[in-house]
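Written below as structure tokens is the structure these notes are about.
The values are calculated or read from the model by the stated rules, or taken from the named source; none is laboratory data. Because the structure is predicted, anything quoted here is derived from the model rather than measured. Virtual Cβ from ideal backbone geometry, glycine too; neighbours counted across all protein chains shown.
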Amino acid sequence: MFGRTSSLTGEVRSDRQRIRAGSVVMAILLCAGVSLNIGCKKQEQKAAAEKAVNVRVWTAETRSLRPFVESIGTLKPYDEVTVSSEVDGILKSIHVDEGSPVSRGQLIAEIKDTDYRLAEEQVTAALKQAQASLANAKLEYQRKEALYREELVTKQQFDDIAARLALAQGDVERAKAGLDLAQEKLTKTKIFAPMAGSVLVKKATSGDYIRNGTFLVSIIRTDLLKLSFTVSEKDVGGLRVGQNVAFVVDAFPGREFRGQLKTIYPSLEERTRSLQVEAVVANPDRSLKPGFFARVTLYTGTSRDTVVAPVTALLYDNSTTKLFVVEGDRGKERKVRIGRKYGEFMEITEGLKDKEIVVTVGQNNLMEGVLVHVAR
């Protein structure tokens, strides 16, 4: 009996030990599971933190570029002349209309010259009479001079003929001046173009009575044109006479025209803080017309090599300008200094090197060292 009790007691102890061992194993497995779960969560969090930002990029380039100023301008005639009558009379004929091309010295109008021809004839006759009187006075003077030397005439008689000779000479000079004036007026009944160009405005018609100073036509020179535009105050320091100008007009899309800076006006316009300038433009085929609107590029220096990046890559933070570059698989922030804008590109004078990979899309979502994925 005692032996059986001892056996039962041993079995109970053995069962307890097995239960305890099982509990320990379960605890270990539970801890392992918890640890595994925590580790997984940390890995998931780490994976979530390392999610790449999609970006698009552009490779920085070194380009040979010329500094320039952009403006808006208007084409004007190189010269404009108003042709007026210099004498009174009836306009006999006018040989041009608006738009007519004219050459220098071309006859463009005539005034009826009958009165002026008669005046010339009258003055010519008066000159001949005065010359005849002068000739007679000279002969008489010569005779009286010889007699006066022999004391056969008085000094008073000799002085009289000398005075008559002087008066006759004066009459001839006056008649000559009158003839010159009459001929000049007769010449002015024909009106000639003072320069080559085109007729802009015609104000008179054949049969009109016109007076000295009456406006007849205006002529503009169009084989050369002036391109008038303004430059802002900050760019005035770079202006020099002779600088190259390029421009385009709506009438000829895709075609570029050129000229040279000729005139820099002496003072700024106070309201706009801009300076008026003019370039001269050759126009041998007369394709360009005064009044055309022009988009102007004025080159203010020689070409130089400079690193450029797309304007869309830049971020502005108060006075700081920055961009992001890609190094390996990470985005790196760069503070840069910018220069001039060249179309869709900006000159980068400091902070960026040639061939570096610049982020152009997605940079607003980047921070220093963030993982990036370059979209193709």
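Could you look through the range 336-360, keep only residues that are over 34 Å from the mean Cα position of the chain (by Cα) and assigned to a strand (DSSP E or B), and pick out the one that is farthest from GLU50 (Cα to Cα)?
Taking the candidates together, the pick is ILE357.
Among the listed residues VAL55, VAL81, VAL69, VAL102, which satisfies the condition of being β-branched (Val, Ile, Thr), surrounded by 14 or more Cβ atoms within 10 Å (Cβ to Cβ) and under 30 Å from GLY301 (Cα atoms)?
The unique qualifying residue is VAL69.
Just name the residue that is surrounded by the most Cβ atoms within 10 Å (Cβ to Cβ) out of those in the range 278-320 that are within 25 Å of LYS341 (Cβ to Cβ) and among the basic types (Lys, Arg).
ARG295
Conditions first: (1) assigned to a helix (DSSP H, G or I); (2) in contact with a Pro (Cβ under 6 Å, 6 or more places away or on another chain). LYS76 passes all but one, so which condition is the exception?
The single condition LYS76 does not satisfy is (1).
Using the structure shown, decide if GLY369 is on the phi > 0 side of the Ramachandran plot and surrounded by 13 or more Cβ atoms within 10 Å (Cβ to Cβ).
Spelling it out, it is not the case that GLY369 is on the phi > 0 side of the Ramachandran plot and surrounded by 13 or more Cβ atoms within 10 Å (Cβ to Cβ).
Would you pick out the residues in the range 313-361 that are among the polar types (S, T, N, Q) and either in the same structural domain as LYS234 (by TED's automatic domain parsing) or modelled with pLDDT of 90 or more (or both)?
THR320, THR321, THR349, THR360 - these are the residues of the range 313-361 that are among the polar types (S, T, N, Q) and either in the same structural domain as LYS234 (by TED's automatic domain parsing) or modelled with pLDDT of 90 or more (or both).
Scan the range 182-208 residue by residue and report those that are exposed (fewer than 15 other Cβ atoms within 10 Å of the Cβ), under 18 Å from ARG117 (Cα atoms) and touching a residue at least 12 places away in the same chain (Cβ under 8 Å).
Answer for the range 182-208, where residues must be exposed (fewer than 15 other Cβ atoms within 10 Å of the Cβ), under 18 Å from ARG117 (Cα atoms) and touching a residue at least 12 places away in the same chain (Cβ under 8 Å): just LYS190.
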